[in-house]
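Laboratory data are not the source of any read-out in this text; all were calculated from the coordinates shown. Everything numeric in this text was worked out from a predicted model, so none of it was measured. For neighbour counting, all protein chains shown are included, and Cβ atoms are generated from backbone atoms with ideal geometry for every residue, glycine included.
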Amino acid sequence: MHRDPQKPYNDLPPLPPTADVESREILKETIEARASLASLDQAVQRIPNPSILINSLSILEAQASSEIENIVTTSDDLFRNVQREAESASPETKETLRYRTALFAGLESIRSRPLSTNTAVQICTIIHDREMAIRRTAGTMIADQRTRTAVYTPPTGEQTIRDLLSNWERFIHASDELDPLIAMAIGHYQFEAIHPFGDGNGRTGRILNVLHLVHAGLLEVPVLYLSRYIIEHKDDYYRLLLQVTTEGAWEEWILFMLRGLRETARSTLRKIDGIEETQRSVMQSIRDVTTAGPNADLLDVLFENVYCRISDVVARCEVSRPTATGWLNALVENGTLVDHKIGRERLFLNVAFAEVLGRPEL
């Protein structure tokens, strides 16, 4: 095992691990995680317009994953700026929204190509809004945030890194060898240990996790909110990653990730249930204020983002601006929406939807 944190881990063992990664406890946890993911996937398929879930939950995932790296913004700032990024948006908000863009780009990529090093480069490039490449120079070191002392130094040398990434690619696509959930946990450790970029490895790796589940057919769309679990167990996340490196403690790491998948799937399912309940309530409010017209289209507008604009209703529902304004004003009057004026623009907040998204699902 690698024990000198200041020495580059160029002899990082290739995958698969030699340790037993299919212990009785791991297989038991895998079955439970798979069942929870299957329930989540079925719930997603109940939603007539899945973009409602993709749009909202991807923002929460982007916020949480960025927060792990101490890039902190509010969900309100993200939802206000997601459709039309304002110049006044904070750098943290802009960077977090790029995470969401990178997730969508990765999803589009795996529809025609398998997950690969190129996918990772594309994701990291979008997150940073500049061309990112595999590290060519030494000097990258992972330090303890409190003591600033080295805890890990990843491999150095571009060819070494590329060889390790090639092995990582072969492993995650060896579908007959391991359950894809176990493979995801192992692959995530390996990607973080390789640390192929100068920055953005953690966020890139967490996007790859979700894409791996979609590519394996375990999720139809990327709605798993896994980064929230990691934030809640951040110390364990980093401790267990390091223990694989220093002690070969694969079982503890894999169990941690499987439990995270299970708990996240269940909490996301509860959030979807809350969204569906809120949709039913808002639909009744829409019926009360629109005697005729495309109620379902208006419902979609109100749930594809926490905030909507008059122009959104005009475009989606194909109605005049006065009609759209009248509908939204009536929904403000009955308490469904709250009107915010931002500069010259009016934004309408879906109050109940915002509350559901902000609610911790225990």
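General observations
- Within-12-Å neighbourhood charge of A120 [Cβ basis; K, R +1; D, E -1]: +1
- Straight Cα distances below 15 angstrom link K28 to the aspartates and glutamates D20, D179, E251, E252, E263, with same-chain residues fewer than 8 positions distant left out.
- Each part reduced to its alpha carbon centroid, the range 94-118 and the range 337-362 end up 27 Å apart.
- Values of log10 I(q)/I(0), in the order q = 0.26 Å⁻¹, for the range 10-63 under a Debye, Cα-only, solvent-free model: -0.98
- Tail fraction, Cα-Cα pairs, the range 86-203, threshold 24 Å, whole percent: 34 percent
- Straightening the chain between E158 and Q45 buys 36.4 nm, computed as 0.36 nm per residue apart minus the Cα-Cα spacing.
- Computed helical MRE - 222 nm, the chain, DSSP H runs ≥ 4 contributing -39500 (n - 2.57), nearest 500: -20000 deg cm²/dmol
- Computed lengthening from S166 to F104, 0.36 nm per intervening residue step minus Cα-Cα distance: 19.9 nm
- In the range 1-159, Cα pairs under 8 Å separated by at least six residues give a relative contact order of 28 percent.
- For V151, the residues whose modelled amide H falls within less than 5 Å of its own, excluding neighbours fewer than 5 places apart on the same chain, are I142, A143, D144.
- Computed E for D20/E69 - FRET, C-beta separation, R0 25 angstrom, nearest 0.05: 0.20
- R0 of 35 Å, Cβ-Cβ distance R316-E232: FRET efficiency to nearest 0.05: 0.45
- In Hz, Karplus ³J(HN,Hα) per residue of the range 97-114 (6.51, -1.76, 1.60; θ = phi - 60°; x = Gly, Pro): 5, 5, 4, 4, 4, 5, 4, 5, 5, x, 4, 5, 5, 6, 6, 10, 9, x
- Residues of the range 142-172 with an amide N closer than 15 Å to a point placed 7 Å from the Cα of Q6 along the Cα-to-Cβ direction: 142-144, 148-154.
- In degrees, nearest ten, helix 250-289 long axis to first principal axis of the chain (Cα): 10 degrees
- Residue-span extension gain [L27 to N334] - 0.36 nm each, minus C-alpha spacing: 105.4 nm
- Ignoring lysines fewer than eight residues from K94 along the same chain, the ones with Cα atoms less than 30 angstrom from its Cα are K234, K271, K341.
- C-alpha long axis of helix 295-304 to longest principal axis of the chain, angle in °: 40 degrees
- With the charge dipole of the chain set up from +1 on Lys and Arg Cβ and -1 on Asp and Glu Cβ about the Cα centre, the Cα lying farthest toward the positive end among the listed residues A183, N350, G157 is that of N350.
- Here is the result for the range 200-304: no trypsin sites (Lys or Arg not before Pro) lie in DSSP coil with at most 12 other C-beta atoms within 10 angstrom of their C-beta.
- The Cβ shell under 13 Å around E252 holds other residues with a net charge of -4, Lys and Arg each +1, Asp and Glu each -1.
- Proxy reagent accessibility, fewest Cβ within 10 Å first, across H215, H340, H128: H340, H128, H215
- Cα shape, the range 24-270, gyration tensor, a/c 1.5 rule: rounded
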